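Any read-out appearing in this document is the output of simple, stated calculations on the displayed coordinates, not a laboratory observation. All of these numbers come straight from a predicted model, not from anything done at the bench. Heads up, the Cβs are rebuilt from the backbone with ideal geometry, glycines too, and the neighbour counts pull from every protein chain shown.
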Amino acid sequence: MRLLVLWVVLANFALSAELPAGWSLKGDGESATITAPVQGGQSVELTLGLGKLDTPLAIRAADADKGVVELVLTAKDLPQSPWPWKKEIAKDAGIDVSLRRVGQPWLFRGTRWVRPNPHFYHAADLKKTLDAWDALPAATAHPVQLRLEFELGAIAFWLDDRYLGRAELAATTVTLALKPGHSLLAAARGKCEDHGRYVPVRLGGYRRAGAPGAATANLAPGPQTVGGVPFHLAAPEEAIDVGLSRWLMEGVGPDEFTDDYYTRSAFDGTPESIILSVPTDEYAWAHLLCAVDPDPAKTPVLTLRLTRFLGDSFDSGGRGDAIADTTVRVEPGALRQIRVPLRSGHIPDVLDEKGIVGGRSTQSLDLELTKELGLVTKLNHANYSTKPLGKPSGVRVFALTLERSPVRVRLAPKQMGNVFYAGEKPELALSVVTLSEAGFSGEVVCDIADSYGAKRTVSQKVAVEAGKTEIVRLDVGGSELGWFKADIRLARDSETVWGTTTSFAVLPPDTRKAGAESPFGTWWFRDSHIGTKNVADVAPLLQRLGFRHVCPGGSGPSGEELARHGLSISMLPNLMRGKIADTERAIDAAVKAHPDAKWALIFHEHGFGEPIVFPPELIGQPIPKLNEKQEAQFKALWDRAVETSKLYRAKYPQIKLIFGNSSLPFALEFMRRGYPRELVDAFGDEDLGQLIMPEYPPQAFKSVYFQREYQKLYRYDVPVTTTYEWRGRPTTPGCLTEREQAELYARDCLQCLAYRMPHINLALLHDVGDSYYYSRWGGTGLLHRWPLLNPKPSYVALATLTRELDGAKFTRYLPSNSPSLYLCEFQRGDEWVYALWTPRGEREVALTLDGGARYAATDSMGNAVEGKLRVSSLPIYLRAASRITQAIGGPTTCEAPPAKLTAVDDLCDAGKWAAVAGRDQALEKGHFDFPRRQGKADVAVRADAEKGKALEVKLLPQPDVPALCPRYLVLKPKEPIPVPGQPRALGAWVKGNSSWGRLMWEFEDARGEKFFSISASEEGWMVGDWKARSYLNFDGWNYLQVKLLTWYDSGFYGPERCDWHFTAEGRVDFPIQVTRLVVELRDRVVHLTDLVPVPDQAVRLRDLSASYE
């Protein structure tokens, strides 16, 4: 027998509970002791009232051998935001909760919001919540439901049915200390049931029943076994209405470094978030008793999201992509029992976290119940993510039980990140531990797909005795090199009990000789945003990648430690401080830590409020004047930069100086005013790029081409280079595919080499693990999140690039018959090396080499290329003993058109379409970064070898138009062209000329609203079609299309929103009719480092069409 002793302070204390039999109360008006005998396997349930603010209620459980565990509950006024600069206070809002072994780290420390946490509300939702604040249940009046489960040798704590944690402690004494204002409202003793592999979750404490609906259970509340599964059924008023769940930012969208959605918890008190706090374990399935409301405004869709969300630290915090999602459709009708796989194999890092991580206890997991998920693309491209965006769910959950997996499985990499050399016998190893007394017998199946689309399967039987561990080794080697995706599942009797998706890389032998002289480096955030600051953890991956530099970081490691692994920092960071003495100390410390540093940065993301405009000197526009405030800020920055640069020159003359990575107009103002040339060794560029191709027409905010042209103009004869966080290509949901990321990163590097940059610093080494992942920067890694570190295709593409071009020096780019065929030449000793690509699709290329020599070709996956030379958007490398003298590119094959197209006009009737004579303000003023001018062109129907006939638009000379300005031609039908049905996209066949022109569509809907695919504008920036799918960056006939704007049923715009300008509400009412086509053309384009003419000034159009897929 153990004694449960409840201390009760009776001053102003209400004891309204009837004590269970065997419990005794002793005491006077100031104190009392309630004593209750308990045994292992029993539970105690208490309902408590806190009564007063800032009055702690403490429960202490003592074990003579293992010490004391203490749970403290305190009703509090709470900050409305976790951010310290926000001072608003939410009155009587929640309960401060702390659980720990006295003298040891916290088991749980957080806040149980009783009233909703205002931090998660915005705009009208926030106003509504705050207006109703006083009418909401207060923390001091909240009946706290506390459940203590006395297991053998441990105590589990539940608060309002939310799991707090478990203390390894066999209590002999438990005290409940009540102070004035506290009350004991109910007390009960029960049996702590052992359900084996099942964990029934009580739902009543979540208070998410919503309004009574048609979905009912017709079963008595409480413990029941249904279909062999133990449940704890909720009363009708305690069931969970999943229809309450919604994303609280859907009206405005996320726009911070940390996405609030991924910082929520089961303790926030927001009824729109249905998150259950459950014990951390290896779960394989969730069993639900549920029914569907037949309301047609709802859907029978339920999504379960298993993870552990993390706290908010403004620019960090929250959870990244370590979320296991499962979406199911529930059959309408009577009560259903369903079994949902939980996919916990996708979040091993979450399951293995220990202690308090990101302000959250790792003893619990978050299991969210929500509706259908959709892709979020923020209009300004600040966030790509998946959120609940469908119709409200009609599912009502009456009971939920989790089922533990019979095994614990973890990948056990033979090589860090599963990156192998071909001679290392590539294998994927799994550690399989049985969690059941019966042992486990089954099969591991691994489906492998390479980057070319070929697939194969390997499998292996596995048998593990109870309590034992088995290492399963899968031989995944093959004849091909490159990147491979692996879907692994562990099955028993044909049923998957565990599964995950990973990847691996197989590289050829490392022949690189470059060391510190290599320009290649990456961003490595150390342990910021979830990672590691141990260089030994990442150095092997950097070495196999062929990268020799990492960005500087305040948390180390030192230059000496980096050097032991063949690494160094790419440059010293900006170290300017408010006072020159502080600047000198910072520089001294940095040089001491990195004595071999050769470069230092002056400025890092600084600004003086400079006007962001398209480079005015290059298009004949006036230079913006600074206002008084801008002038003062500029002068202060000038003085600090000169002072710091002179300090470097005097004290550390061996260190070269890079003039900052701020906006292009920032650097231009310094150049215009004659910033001392002797203090600049290079101009630095930080241009994230995101989805935009490196070959895309130069941008107003950042452009290597513009930077170099301005240096020529103002006579700064120094290189342009990248700073330590230059380029980032995100693979977050709905952004770039991993293949597209590989294409862009490789071409980014080749662009840098063409500019002879001394530094090429691109990409995070690995994706971050917190919700910074969903920002512009966090998903740009070459590897997946720490600690998984499995490679993306970009890792292999860049490893190939650094190996193929190791020690080679750029000599020139070769002109060809097409501006969209890129061919860079390098020399390495007596050998010539070439990189070839096209920005889109693929094409055959015919080469002529001096003396008729032959070449050897290698693709970006490291495999030899035989047969006809086909060049694609992923570069290919050639090696030859002689130089290429001529390159002729064939027509480009881009994306395949939709399978079914409906032509609404063949565009072959010249009398049906006419060029609009007047200028168009939307085209000329809609986006300052695209200074369009009205073009002059011949428009006629011509015979065409492939299409029979087509509408030809031929650009005419206009010497008065600056070469960098695109020219537009508006084509308008005599009568609008009707489009039947409800199309998903509009398109047309276009014979391109690689002019980086563009095709745009305008249509009018049934209510007279106009939609124009010129792209949306965000503060004057053009934010549409960053993947350049409507651009003429190809030669030959291809189908171009733009998807129509859609909206989710919950009210948030679809991913197409970026592509459209509209005149009213932006919702398409069918039927529609096409009112204009706009052709944008250029007669000169930037080809790597130079502005070159477009050989063919004509493009052709055929078959204006709609698709319905």
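Work out the FRET efficiency for T511 and W1047 from their Cβ-Cβ distance, taking R0 = 56 Å, and round it to the nearest 0.05. Working from the Cβ atoms, E equals 0.55. Residue separation of A449 and L713 scaled by 0.36 nm, minus their Cα-Cα distance, works out to 89.9 nm of gained length.
Hey, how many Å between the Cα centroid of the range 873-905 and the Cα centroid of the range 1008-1049? What the calculation gives is 22 Å, centre to centre.
Would you please state which residues of the range 269-302 a label at Q337 would reach in this model, taking the label point 7 Å out along Cα→Cβ and a backbone N cut-off of under 19 Å? Zone members listed by number: 284-292. Residues L951, L289, ranked from the fewest to the most other C-beta atoms within 10 Å, line up as L289, L951. In this label model, Q654 and K936 are separated by 6.2 nm, measuring between points 7 Å along each Cα→Cβ vector. I want to make sure I understand the PRE zone here: with the label point 7 angstrom from the Cα of Q958 toward its beta carbon, which residues in the range 903-942 have backbone N atoms less than 13 Å away? So the set is 916-921, 923-925, 931-938.
Taken about its Cα centre, the chain carries a charge dipole of roughly 1240 debye when the Cβ of each Lys and Arg holds +1 and the Cβ of each Asp and Glu holds -1. Only helices enter the 222 nm calculation for the chain: every DSSP H run of n ≥ 4 contributes -39,500 (n - 2.57), and dividing by all residues gives -3500 deg cm²/dmol, rounded to 500. Sorting 280-286, 759-765 by their mean Cβ neighbour count within 10 Å, with the most densely packed peptide first, gives 759-765, 280-286. Pairwise inverse Cα distances across the range 604-695, averaged and inverted, put the Kirkwood hydrodynamic radius at 14.7 Å. Put a plus charge on the Cβ of each Lys and Arg, a minus charge on the Cβ of each Asp and Glu, and nothing anywhere else: the dipole of the range 946-1090 about its Cα centre is then about 460 debye. In the range 373-458, taking the dipole from charged Cβ atoms about the Cα centre, the farthest positive-side position among P392, G439, Q415 is held by P392. Spatial offset of the range 415-482 relative to the range 742-782 amounts to 30 Å, using the alpha carbon center of each. Mind jotting down the distance between the C-alpha centroids of the range 338-392 and the range 38-62, whole Å? Going from one Cα centre to the other spans 32 Å. Computed from point charges on the beta carbon alone (+1 for Lys and Arg, -1 for Asp and Glu), the dipole magnitude for the range 520-808 about its Cα centre is near 420 Debye.
Each residue, K949 and Q921, gets one label point 7 Å from its Cα in the Cβ direction; the gap between the two is 3.9 nm. If R0 equals 35 Å, the separation of the Cβ atoms of T501 and A856 corresponds to a calculated FRET efficiency of about 0.50. With semi-axes defined as the square roots of five times the eigenvalues of the C-alpha gyration tensor, the equivalent ellipsoid of the chain measures 56, 35, 31 Å, largest first. Available extension along the chain between W106 and T326 is 76.0 nm, counting 0.36 nm per residue and deducting the alpha carbon span. Taking 0.36 nm per residue of separation and subtracting the Cα-Cα distance, full extension of the segment from M416 to D1096 would add 239.7 nm.
Of V242, Q699, L178, whose Cα points farthest to the positive end of the dipole of the chain (charges on the beta-carbon: +1 Lys, Arg; -1 Asp, Glu; origin at the Cα centre)? Checked the options; the winner is Q699.
Have a look at F257, H232, T377 and report the one farthest towards the positive end of the charge dipole of the range 206-405, computed about the Cα centre with Cβ charges (Lys/Arg +1, Asp/Glu -1). Farthest towards the positive pole: H232.
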